[in-house]
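Participant: This is the structure I have questions about; it appears just below.
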Amino acid sequence: MDWGLQNRLSRIIKPDTGKTVMLAVDHGYFLGPTSGLEKPAETIKPLLPYADSLMLTRGVLRTSVPPEADIPIVLRVSGGTSIVGKDLSNEGITTSVKDAIRLNVSAITLSIFVGSDHEKETLLALADLVDKGQKYGIPVLAVTAVGRDMARDAKYLGLCCRIAAEIGAHFVKTYYCDDFESVVNSCPVPLVIAGGKKIPEREALQLAYDAIAHGACGVDMGRNIFQSDNPVGMIRAVRAIVHEKATVEQAFAVYREGK
Ligand code: R5P
C-alpha cells in the first residue's frame, strides 16, 4: 500500500486503538430529508468533535461542513436512485475522483448490491473506483447494501465482504449478524458496521459492543446517533465502546450523562 493511501486511511482508522467511529450522514442521497437530517449542518455541528470521520455526499459537505473543520471525509460517490424509484440497486457513480481530490477527502465510498439485478454493474463500479483510488492514493470503502429480499446472515454478508475485498476495497462496511466472526475471519480487510434503523439506545450500544467484540474495526453509525434524544451522549457512548473498551452499562451511563 502506498504512503498517501495509508496516510489517508490512518486518519480514519485511528492508529492508537486500531478502531474508528465514523458518523454516517449520507442518507439523503436516496432517502431525501431523513428524520434528524433535515438540516444537516445543525445535526453535524455538535457531533463533529466526537466523530473520527464523516460519511456524506459532496452536496452536504459543501453546504453543511465548514471547510476549516478538522475532520476526515469519507465521500459517498454512488447514487442515482431513490426510495420512490424502481430499483435501489441500479446505482451509478455520481462524483468524479477529480472532485473528490478537490474536496480533499480521506476516502471514497460506494454501495455494492450483491445478488441484485445490478450486481455486476455495482461490482465493476467498485473495481473502477479502486483503480482510480489507487492511482491517487485514496482508499475505497465498499458498502454491502442489502436488498429487502436478502437475508442479513453470515453466509450472505461473508460473501459480499469477501467479494468487495477481492476486487480491492481497502475497507468494507457491512451489517452485524450472528456468527460475525466468520465474516471478519474470511475478509482480509477491516470491517465497520452500519447501525441500521433506530432502535433503543441500550440495544444500539449492545450492537456496537458485540460488533467490536467479534472483530469489527469500528462503526459507521447514523440514525442511532442523530435520531437519538441525546445525539452527543450517544456518539460519546459509542466512542467509549469502540476506543475505550467500555462495557454496555458504562457506555449507557455516558449516554445518560448529558440528558
Ligand atoms: C446506507 O447505505 C448509508 O450509507 C448509511 O450511511 C448507512 O446505512 C449507515 O447509517 P445507519 O447507521 O443509519 O444505518
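Participant: Given the options Ile167, Ile73, Ile83, which has the most mean-square fluctuation in a GNM of the chain, springs set between C-alpha atoms less than 10 angstrom apart?
Facilitator: Ile83
Participant: Let me ask something else. What net charge do the residues around Ser64 carry, taking every other residue with its C-beta under 9 Å from that of Ser64, with Lys and Arg at +1 and Asp and Glu at -1? Walk me through the numbers before you get to the answer.
Facilitator: On the way: positive: Lys39, Lys45, Arg62; negative: Glu42.
Every neighbour counted, the sum reads +2.
Participant: State to the nearest 20 debye the size of the charge dipole of the range 1-143 about its Cα centre, where the only charges are +1 on K and R beta carbons and -1 on D and E beta carbons.
Facilitator: So the dipole magnitude of the range 1-143 works out to roughly 300 debye.
Participant: I would also like to ask the following. How many angstrom separate the Cα center of the range 118-182 from the Cα center of the range 95-114?
Facilitator: Distance between centres, Cα-based: 15 Å.
Participant: Another question about this same structure. Can you give the accessible area per residue of the chain, in Å², using a 1.4 Å probe?
Facilitator: Numbers: 11890 Å² over 259 residues.
Accessible area per residue: 46 Å².
Participant: Just need the relative contact order of the chain here, percent rounded to a whole number, with Cα pairs under 8 Å and 6+ apart.
Facilitator: Details: 491 pairs, mean separation 45.6, N = 259.
That works out to 18 percent.
Participant: For the range 1-114, what is the percent of antiparallel DSSP beta bridges, rounded to the nearest 5? All intermediate terms of the calculation are to be shown ahead of the outcome.
Facilitator: Numbers: 3 of 12 bridges.
Antiparallel: roughly 25 percent of the beta bridges in the range 1-114.
Participant: OK, next. So what's the back-of-envelope 222 nm ellipticity for the chain, counting only DSSP H runs of four-plus at -39500 (n - 2.57) apiece and dividing by all residues, rounded to 500?
Facilitator: Rounded to the nearest 500, the figure is -12500 deg cm²/dmol.
Participant: For Ile13, what charge total do you get from the other residues with a beta carbon under 15 Å from its beta carbon, if Lys and Arg give +1 and Asp and Glu give -1?
Facilitator: +3
Participant: Stick to Cα atoms and the Kirkwood definition of Rh, then tell me Rg/Rh for the chain.
Facilitator: Using only Cα positions, Rg/Rh for the chain is 0.93.
Participant: Okay, moving on. Looking at the range 70-169, which trypsin sites (Lys or Arg not before Pro) are DSSP coil and have at most 12 other C-beta atoms within 10 Å of their C-beta?
Facilitator: In loop regions of the range 70-169 (DSSP not H, G, I, E or B), the sparsely surrounded trypsin sites (Lys or Arg not before Pro) are Lys86, Arg148.
Participant: For the range 173-259, with only Lys/Arg (+1) and Asp/Glu (-1) charged at the beta-carbon, what is the dipole magnitude about the Cα centre, in debye rounded to 20?
Facilitator: That gives the range 173-259 a dipole magnitude of about 360 debye.
Participant: Could you pull out the GluC sites (Glu not before Pro) across the range 13-85 that fall in loop regions by DSSP (anything but H, G, I, E, B) with no more than 11 other Cβ atoms inside 10 Å? Mind dumping the intermediate values first?
Facilitator: Values: sites: Glu38, Glu42, Glu68; in loops: Glu38, Glu68.
The qualifying sites are Glu38, Glu68.
Participant: For the range 1-151, please report how many Lys pairs fall under 24 Å Cα to Cα, leaving out neighbours fewer than 8 apart on the same chain.
Facilitator: Here the count comes out as 8.
Participant: Shifting gears a bit: If you take all C-alpha pairs in the range 180-259, what percent of them are over 14 Å apart? Display every interim value, and only then the final one.
Facilitator: Numbers: 1767 of 3160 pairs.
Across the range 180-259, Cα pairs with separations above 14 Å total 56 percent.
Participant: Would you work out which of Leu124, Gly168, Ile193 lies farthest towards the positive end of the dipole of the range 124-216? Charges go on Cβ: Lys and Arg +1, Asp and Glu -1.
Facilitator: With unit charges placed on the Cβ atoms, the residue in question is Leu124.
Participant: Report the semi-axes of the equivalent ellipsoid for the range 1-62 in whole Å, largest first, where each axis is √(5λ) for an eigenvalue λ of the Cα gyration tensor.
Facilitator: Over the Cα atoms of the range 1-62, the semi-axes work out to 26, 14, 9 Å.
Participant: OK, next. Write down the percent of antiparallel bridges among all DSSP beta bridges whose residues are both part of the range 139-259, to the nearest 5.
Facilitator: Counting only bridges with both partners in the range 139-259, antiparallel ones make up about 0 percent.
Participant: Another question, if that's okay. Which number do you get for Rg(Cα) / (2.2 N^0.38 Å) in the range 126-259?
Facilitator: Numbers: Rg = 15.6 Å, N = 134, 2.2 N^0.38 = 14.1 Å.
In units of the 2.2 N^0.38 Å rule of thumb, it is 1.10.
Participant: May I pose another question? Percent antiparallel among DSSP beta bridges with both residues in the chain, to the nearest 5?
Facilitator: Given both bridge residues lie in the chain, the antiparallel proportion sits at roughly 10 percent.
The values are calculated or read from the model by the stated rules, or taken from the named source; none is laboratory data. In this text, all values refer to a predicted model and were calculated from it rather than measured experimentally. Glycine gets a Cβ as well: all are built from the backbone with ideal geometry, and neighbour counts include every protein chain shown. Each accessible area value is taken on the protein alone, full model and side chains, heavy atoms only, with ligands, DNA and RNA left out. Shrake-Rupley method; radii C 1.70, N 1.55, O 1.52, S 1.80 Å.
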